[in-house]
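The values are calculated or read from the model by the stated rules, or taken from the named source; none is laboratory data. Everything numeric here is computed off the predicted structure, so don't read it as measured data. Ideal geometry is used to build each Cβ from the backbone, glycine not excepted, and the neighbour counts take in all protein chains shown.
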């Protein structure tokens, strides 16, 4: 399982620093598993005219999960002029995602939150969760808790805003859920003991999702 951490660290290198001239959306497919891991805030982005911080380590995490589950990853690169998880208008990220999705696929949208929220993970069901989305969320919560993490559903990140990746995907007829990950669980280099349980739990979930 240490190879999971090594891959996460290595794959995240491309998301470090400010690279405004890089193509804004990166797509990776590692196999035929019906899972797509997205990281729309892997780099800095503009929301309502304000430059926002990146959700650190989510880009490399999405790619590592795709590699170890045989799924796919879609991530943001460069510096985004629009917020893929907020703006109501069409964004390049969501447009690309909807264009690549196939029937039967499930999207797990990865985000980062501050530790002040008091839990390790918040699961957002979105505005129109279907049966598979609800079942996937319940299974993920069960596996995360069994791995020793604290989990809450909904507040304060329900992913119900129509501009979120999760709600956009659901409105198009696909299954999706959002996860907000505490900073203390996204430090594979500085705190591998905190990051490894999260990583292994999501890989275990992918086998049953």
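Based on this model, can you work out whether residue 148 counts as within 25 Å of residue 8 (Cα to Cα), part of a loop (DSSP other than H, G, I, E, B) and in contact with a helix residue (DSSP H, G or I) (Cβ under 7 Å, 6 or more places away or on another chain)? Against the criterion (within 25 Å of residue 8 (Cα to Cα), part of a loop (DSSP other than H, G, I, E, B) and in contact with a helix residue (DSSP H, G or I) (Cβ under 7 Å, 6 or more places away or on another chain)), residue 148 qualifies. Apart from one condition, residue 122 fits all of (1) touching a strand residue (DSSP E or B) at 6+ places or on another chain (Cβ under 9 Å); (2) assigned to a loop (DSSP other than H, G, I, E, B); the exception is (2).
Cβ-Cβ contacts under 6 Å between residues 6 or more apart (or on different chains), taken from a first residue in region 122-138 that is on the phi < 0 side of the Ramachandran plot and touching a residue at least 40 places away in the same chain (Cβ under 8 Å) to a second residue that is surrounded by 16 or more Cβ atoms within 10 Å (Cβ to Cβ) and part of a loop (DSSP other than H, G, I, E, B), are listed as 122/157; 124/157; 124/158; 124/159; 127/160; 136/209; 137/125. Scanning region 143-152 finds no residues that are in contact (Cβ under 8 Å) with a residue 12 or more places away in the chain, closer than 29 Å to residue 92 by Cα and surrounded by 15 or more Cβ atoms within 10 Å (Cβ to Cβ).
To keep it simple, each residue is scored yes or no on (1) modelled with pLDDT of 95 or more; (2) closer than 20 Å to residue 182 by Cβ.
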position	(1), (2)
2	no, no
7	yes, no
21	no, no
31	yes, no
35	yes, no
39	yes, yes
49	no, no
54	no, yes
66	yes, no
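Among the residues of region 69-81, how many are more than 15 Å from residue 106 (Cα to Cα) and crowded, with 20+ Cβ neighbours inside 10 Å? Full working, then the answer.
Restricting attention to region 69-81, the residues satisfying the condition of being more than 15 Å from residue 106 (Cα to Cα) are 75-81.
Still in the running and crowded, with 20+ Cβ neighbours inside 10 Å: 75-76, 80.
Total satisfying the criteria: 3.
Of all residues in region 26-48, those satisfying the criterion of being closer than 10 Å to residue 79 by Cα and surrounded by fewer than 21 Cβ atoms within 10 Å (Cβ to Cβ) are 44, 46. The condition (being part of a loop (DSSP other than H, G, I, E, B) and either touching a helix residue (DSSP H, G or I) at 6+ places or on another chain (Cβ under 7 Å) or on the phi > 0 side of the Ramachandran plot (or both)) is satisfied by just one residue among 163, 173, 112: 173. Among the residues that make up region 189-209, is at least one of them closer than 24 Å to residue 59 by Cβ and assigned to a strand (DSSP E or B)? No, every residue in region 189-209 fails to be closer than 24 Å to residue 59 by Cβ and assigned to a strand (DSSP E or B). Can you say whether residue 124 is buried (at least 17 other Cβ atoms within 10 Å of the Cβ) and either touching a helix residue (DSSP H, G or I) at 6+ places or on another chain (Cβ under 8 Å) or more than 19 Å from residue 65 (Cα to Cα) (or both), as far as the supplied structure shows? Yes, satisfied.
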